[in-house]
Each structure stands twice: as C-alpha cells, then as structure tokens.
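The structure appears below as structure tokens.
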Amino acid sequence: MPPSALNKLLYAGVEYPMLFEMRHLSNGKFSHCGVLEFTAEEGKIFVPSWMMKNIQLEDGDLVLLKSTTLAKGTYLKLQPHTKDFMDLSNIKAMLEINLRSFSCVTTGDTTMIPYNNKEYYLDVIKTKPSHAISLVETDCEVDFDPPLDYKEEVKLSSTSSDRKQQQEADDTDIVTKIREFVPFSGPARRLDGKPSTPSDKQASSSCMAKQKGDNEHKSSSLNNVSSTTSKKLLFGSRPYKTSQESTNQESHHKAETTLKPQEPKFQAFKGKKYSLKS
C-alpha cells in the first residue's frame, strides 16, 4: 500500500493488526487481507496473483479497501488441490511456519503455500467462529478434506474392488458346483452278485433325480421305482419283496397248512357218562 494510506490509518486510530476488506468494484466479489508494507506508488496496491484470482481481479482494476476487524480463528478446514500435499513429512510444522505470513483467511478463498520450491494450493472450506477469521496470535485447529484429485482414484479403486469381489464370487460358485454332493452317483451293484443291466442303471438315475426333492417325495419316488422294476436296486435295508418271492412264500405257507394235522373240533356233552349210585 502507499505511504499515504498509513498516515490516514494512524490518524483514524486503527489498531494492529491492520486488516482490510478488499472488494472488486466491477463484480462485487470480496476477500480479506492484511498489509505487508507501505511502500507502493500512490494510488496503487500490490496483491498476490492467487489473491487476485479469488475475486477475479485483473491488473489495473479498481478495488475498494476498507479497514475491518476480524475475530481470532479457532477452526480452519482446508482442502488441498493435489494429494502430494498429504504426503509431506511434517504438515503441522510446515503450516505453523507458513501460516504466519497470513493475517487472515476467508471461507471460499484459495490460498497458496510455497514449500520446498513447490507451490501448494489449498481451498478454504470452513472457518470458525465466522466466515472470515484472523490468524494473528491465535491457536487454531486445522482440519483437511480429501484432495481434489483423490476423487477419481477413489472411483477407480471402488470399480476395481467391485470387479475383484465379483470375480471371487464367481470362483466360489464354480468351486461350490464342483464340490456339490451328488447322492447315489456311484456304480450300481446287485446284492446277488450279478452284473447290473441297463434297467438297473436307469433305475439308479431315476433315484438320483428324485433325491433333489423333499423327503416325502424322495420316499414315494423310490417306492414307485422299486415296485415297477423287476430288477431293482436296493439301498440299505431290504424292506420290499419281489413278486416271485411273495408267490414262493404264499405256496410255502399253504404247504405248511396242508401238512399240519387238524385239531378236533369241540362237541358239547360228548364226554363219558358216570352215575352217583354205587
């Protein structure tokens, strides 16, 4: 600022730190700033380029500077433009050193911090206790939002994770299908030692298909297969009999009945006669 501005400020009794509201007369945008020194030419001020971008200020534009007082900041949330800012070794120490050059910050502005020959841009997302705060001699809590260039990577990472989970799910389904238990899938064996016939294999396949139903349906299906097949497969105990076996047992029962002597039928008053007289 020019030296004449200092004289007017001192005459008005403005206290330190000297803070100002800088408003663009053309578009009405405004921000807040301090003053570094009073050595500029009369009628001119020098403003950093990043601060000029905040209010869309061009060289030679007219601005209105008004002295103001801001509350000391207690909370500040910043959002880096690039993720390499978060990779710095000691962000806290770096901010403590560089923020000393800032008299104040305004919500919605973009600040620039030079560090290790590199410029780091940070958006001011939120400030407390007001939308503009003073950073002079204050203890301020600083918080960070994810960097601006981190959103695309999160999306790509999420897509890759979804594809990986889908692939794992498909592999699990394949393994489950391979390991799925198929009841009665072994070769057919007869209890009499004779080789199985195509009808036996057909009956076995029918039983395997019926096992996929409920328990009652499986039981009735096996009964139907056993009763309608002349050469059936028997699994476990032998609860069913063939028609030939039933015929043989009936003939044997009739033969036993014929050979068994018949017992005399009971006849009333057919016993011996006795008299009470001597």
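Read the figures in this text as sums done on the coordinates, not as results from a lab. What you are looking at is a predicted structure, and each value in this text was computed from that prediction instead of being measured. Cβ placement follows ideal geometry from the backbone for every residue including glycine, while neighbour counts extend to all protein chains displayed.
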Next on the checklist: What number results when the radius of gyration of the stretch 86-155, computed over Cα atoms, is divided by 2.2 N^0.38 Å?
Outcome noted: 1.17
Checklist outcome for this item: Taking every alpha carbon pair in the stretch 8-136 and sorting the distances into 10 angstrom bins from 0 up to the bin holding the longest one, the percent per bin comes out as 11, 41, 35, 12, 1
Checklist outcome for this item: Classified through the alpha carbon gyration tensor (a ≥ b ≥ c as square roots of its eigenvalues; rounded if a/c is under 1.5, else prolate when a/b is larger than b/c, else oblate), the stretch 1-77 comes out oblate
Item to check | Kirkwood hydrodynamic radius (C-alpha pairs) into Stokes-Einstein, the stretch 73-125, 10 °C and 1.306 mPa s, D in µm²/s | outcome: 137 µm²/s
Item to check | Rounded FRET efficiency, nearest 0.05, which uses the C-beta distance separating Glu15 from Glu41 and R0 of 25 Å | outcome: 0.40
Checklist entry - Which of the chymotrypsin sites (Phe, Trp or Tyr not before Pro) found in the stretch 1-54 are in a DSSP loop and have at most 11 neighbouring Cβ atoms, other than their own, within 10 Å? => result Phe46
Checklist entry - Given H placed on each backbone N at 1.01 Å, which residues far from Lys126 in sequence or on other chains put an amide H within less than 5 Å of it? => result Lys77
Item to check | Length added when fully stretched, Ala93-Glu119, from 0.36 nm per residue minus Cα-Cα | outcome: 7.7 nm
Checklist entry - If R0 is 35 Å, what FRET efficiency do you get for Asp145 and Glu168 from their C-beta distance, rounded to 0.05? => result 0.60
